[in-house]
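What follows is one structure encoded as structure tokens, with my remarks underneath.
The values are calculated or read from the model by the stated rules, or taken from the named source; none is laboratory data. Since we're looking at a predicted model, the values are computed, not measured. Cβ atoms come from the backbone with ideal geometry, glycine included; neighbour counts cover every protein chain shown. Side chains included, ligands, DNA and RNA excluded: accessible areas come from the protein's heavy atoms. Shrake-Rupley method; radii C 1.70, N 1.55, O 1.52, S 1.80 Å.
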Amino acid sequence: QAQQQRNLDTIMSQQPRIGGGRKSRKEFSASSELEVKNTSPMSEQDSGILDVEDEDEEEEVPGAQDLVDFSPVYRCLHIYSVLGARETFESYYRKQRRKQARLVLQPPSNMHETLDGYRKYFNQIVGFFVVEDHILHTTQGLVDRAYIDELWEMALSKTIAALRTHSSYCSDPGLVLDLKNLIVLFADTLQQGYGFPVNQLFDMLLEIQEQYSETLLKKWAGIFRNILDSDNYSPIPVSNEDVYKKIVGQFPFQDAELEKQPFPKKFPFSEFVPKVYNQIKEFIYACLKFSEDLHLSSTEVDDMIRKSTNLLLTRTLSNCLQNVIKRKNVGLTELVQIIINTTHLEKSCRFLEEFITNITNVLPETVHTTKLYGTTTFKDARHAAEEEIYTNLNQKIDQFLQLADYDWMALEPSSRASDYLVDLIGFLRSTFAVFTHLPGQVDVHSTMSGKVAQTACMSACKHLSTSLLQLLLEAEVRQLSLGALQQFNLDVEECEQFARSGPVPGFQGDTLQLAFIDLRQV
């Protein structure tokens, strides 16, 4: 009945809410069906308030007395009253019911495993208080309001303790969300039908919200891992207008230059960009689901969603990106693509801000509005990818240098640079060609990957120069022939020629050649 009432209130929000004072108390049987029964003269007079559509249903709904046989209680009360020992029976009845309440409030050990476990537990508690409410209204003083309130206080504290314990075992966000809806229904039933205070239950739901957020983060960590692991780290090819529109519909991207290009063409980013963006939105929806019916203001809902989304970006997604960047055998082209991808995701953060604002109707200018920290996450990932590129290049250079085998006492140099160095320079040329000829390098992308390419090229040249100098000045090399020095000179000239050839555009004058100046002097 409470569930139906909630649905009705949602559909017809203009209709006055039917509460305990407006119509008969809602009776809830131990078998979980919430019933309506008119027992007081007041409710009989007021029964006309009921919605017209519900009248047929109301007549068919059995009340507590139709489902539970109260006659033994009434008979005992009558007998004890006639014998002048009514107080003895009142004391006995209350004592027995307290014991029964404790049994009802003892949750089964596996309650957290299924929603039915929780449902059965709540039904028993509601059933207990429905019976007591019926006794309160059909006997003169066998129980009183103070006794029921005292029982409810005990029930509330035990229920909250049980829920805290059992909900902490749950790792499925879907089950936590269903549990929250069940607790809200349980609270609504007892508050609106019977007037019991349930604020503590709603306070506890805010605690469960934090746990729900944690289970969501774990779930989305898996989703992000799958997206990043299955990505091919190459720009998305587009063969026709429909595919182009589909991608632009999934991810906020505008590029006048790219739009003008004929098909087939390529987006600058790979598939993980629209996929990650859409999963962030899905996460925001999942957070919103929990905040429904918690009687929170839109500002509180907005704050809750933003804080959870920030954790998703700065912790979950950030870790997933760092793991991809740091994994073994990650290619330079993949790292360059990650730099491009994270730049686009960083730019999309303002659209995520707008997305949250549209959902919660809380303007970003509002005081205390939490800002999204997505830009930091994507900047950090980009810097990590850049560092990894520089490190990877230097490691490759070291591998080539291990093949260096100079004969320091050679009488004559060979006619050309050493084979290992020719191969090394060839590797560097092809590597920097990848940076320069990335597809979809328009505007910001060319500038951005251009800067990375320049830094990487300068870093590689400096590392090569330092390493060659160390080879020359090694302690073990005690003697040098002129022939050996002339051979070494050919290798240094090969390096200088590479620097002069402009492997990466954008260097001023002979900036790159300066990397080898110390080596040349020695």
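Extension gain LYS120-ARG500, at 0.36 nm per residue separation less the Cα-Cα distance, in nm? Mind showing how you got there, number by number?
Numbers: separation 380, 0.36 × 380 = 136.80 nm, distance 7.96 nm.
Gain on stretching LYS120 to ARG500: 128.8 nm.
What is the angle, in °, between the Cα long axis of helix 482-500 and the longest principal axis of the Cα atoms in the chain? Nearest 10 is fine, range 0 to 90.
Helix 482-500 sits at roughly 50 degrees to that axis.
Given a Förster distance of 25 angstrom, what is the FRET efficiency for GLN96 paired with SER157, based on the Cβ-Cβ distance and rounded to 0.05?
On the way: r = 21 Å, r/R0 = 0.84.
Result of the calculation: an efficiency of 0.75.
Cross-link candidates for LYS260: which lysines have Cα within less than 20 Å, leaving aside residues fewer than 8 places away along the same chain?
The qualifying lysines are LYS245, LYS246.
Could you compute the FRET efficiency for LYS347 and ARG145, with r as their C-beta to C-beta distance and R0 at 51 Å, rounded to 0.05? Walk me through the numbers before you get to the answer.
On the way: r = 62 Å, r/R0 = 1.21.
That pair, LYS347 with ARG145, gives E of 0.25.
Can you give me the accessible area per residue for the stretch 403-521, using a 1.4 Å probe, in Å²?
Computed with neighbouring chains in place, this is 53 Å² per residue.
Quick query: amide H of VAL238 versus all other amide H atoms, modeled in the peptide plane; which residues come in under 5 Å with a sequence gap of 5 or more or a different chain?
Here LYS265, LYS266, PHE267 satisfy the definition.
Considering only protein heavy atoms and a 1.4 Å probe, what is the carbon-and-sulfur percentage of the accessible area of the chain?
Here it works out to 51 percent.
Please list ASP491, ASP423 in order of solvent-accessible area, largest first, computed with a 1.4 Å probe with all protein chains present.
On the way: ASP491 0, ASP423 90 Å².
Output order, biggest surface exposure first: ASP423, ASP491.
Cut-off under 18 Å on the C-alpha distance; same-chain residues fewer than 8 positions from LYS218 excluded. Which lysines are left, in chain and number order?
Of all the lysines, those that pass the test against LYS218 - Cα under 18 Å, at least 8 places apart if same chain - are LYS275, LYS281, LYS289, LYS307.
I'd like the orientation of helix 173-194 relative to the chain: the angle between its Cα long axis and the longest Cα principal axis, in ° from 0 to 90, rounded to 10.
30
On C-alpha positions alone, give me the angle between the axis of helix 2-11 and the longest principal axis of the chain, in degrees, nearest 10.
Value to nearest ten degrees: 60.
How high is the FRET efficiency from GLU476 to GLU214, r the C-beta distance, R0 41 Å, rounded to 0.05?
0.10
Over every pair of different alpha-carbon atoms in the chain, take the mean of 1/r and invert it; report that Kirkwood radius in Å.
Answer for the chain: a Kirkwood hydrodynamic radius of 29.6 Å.
Would you list which lysines come within 20 Å of LYS99, measuring only between C-alpha atoms, while excluding same-chain residues fewer than 8 positions from it?
Straight-line reach from LYS99, under 20 Å: LYS120, LYS158.
Distance between Cα centroids, the stretch 216-254 to the stretch 317-358: provide it in whole Å.
First find each Cα centre; the distance between them is then 11 Å.
For the chain, what does -39500 (n - 2.57) per DSSP helix run (n ≥ 4), summed and divided by total residues, give at 222 nm, in deg cm²/dmol to the nearest 500?
Estimated from H runs of four or more residues: -21500 deg cm²/dmol.
Measuring from label point to label point, each 7 Å out along Cα→Cβ, what is the GLN399 to ASN319 span in nm?
3.1
Provide the solvent-accessible area of LEU403, counting protein heavy atoms only and rolling a 1.4 Å probe, rounded to the nearest 10 Å².
Spelled out: LEU403, probe radius 1.4 Å, area about 120 Å².
Give the accessible area for SER465 in Å² (nearest 10); use a 1.4 Å probe, count only protein heavy atoms, and leave out ligands, DNA and RNA.
Number for this one is 10 Å².
Can you put VAL68, VAL477 in order of accessible area, largest first, using a 1.4 Å probe?
I get VAL68, VAL477, largest accessible area first.
How do ASP144, ASP302 rank by accessible surface area computed with a 1.4 Å probe, from largest to smallest?
The ordering from most to least exposed comes out as ASP144, ASP302.
How much net charge surrounds THR375 when only other residues with a Cβ under 13 Å from its Cβ are counted (Lys, Arg +1; Asp, Glu -1)?
Result for the local shell: +2.
For labels at ASN329 and ASN181 in the simple 7 Å Cα→Cβ model, what's the distance in nm?
Reported label-point gap for ASN329 and ASN181 is 4.5 nm.
So how much slack lies between ASN392 and THR138, counting 0.36 nm per residue of separation and subtracting their Cα-Cα distance, in nm?
Gain on extension, ASN392 to THR138, equals 83.2 nm.
Using a 1.4 Å probe on the protein heavy atoms only, what accessible surface does TYR406 show? Give it in Å² to the nearest 10.
Per-residue accessible area (TYR406): approximately 40 Å².
Would you please give the residues with an amide H less than 5 Å from that of PHE196, counting only those at least 5 places away or on a separate chain, with H modeled from the backbone geometry?
Answer set, sorted by chain and number: GLN191.
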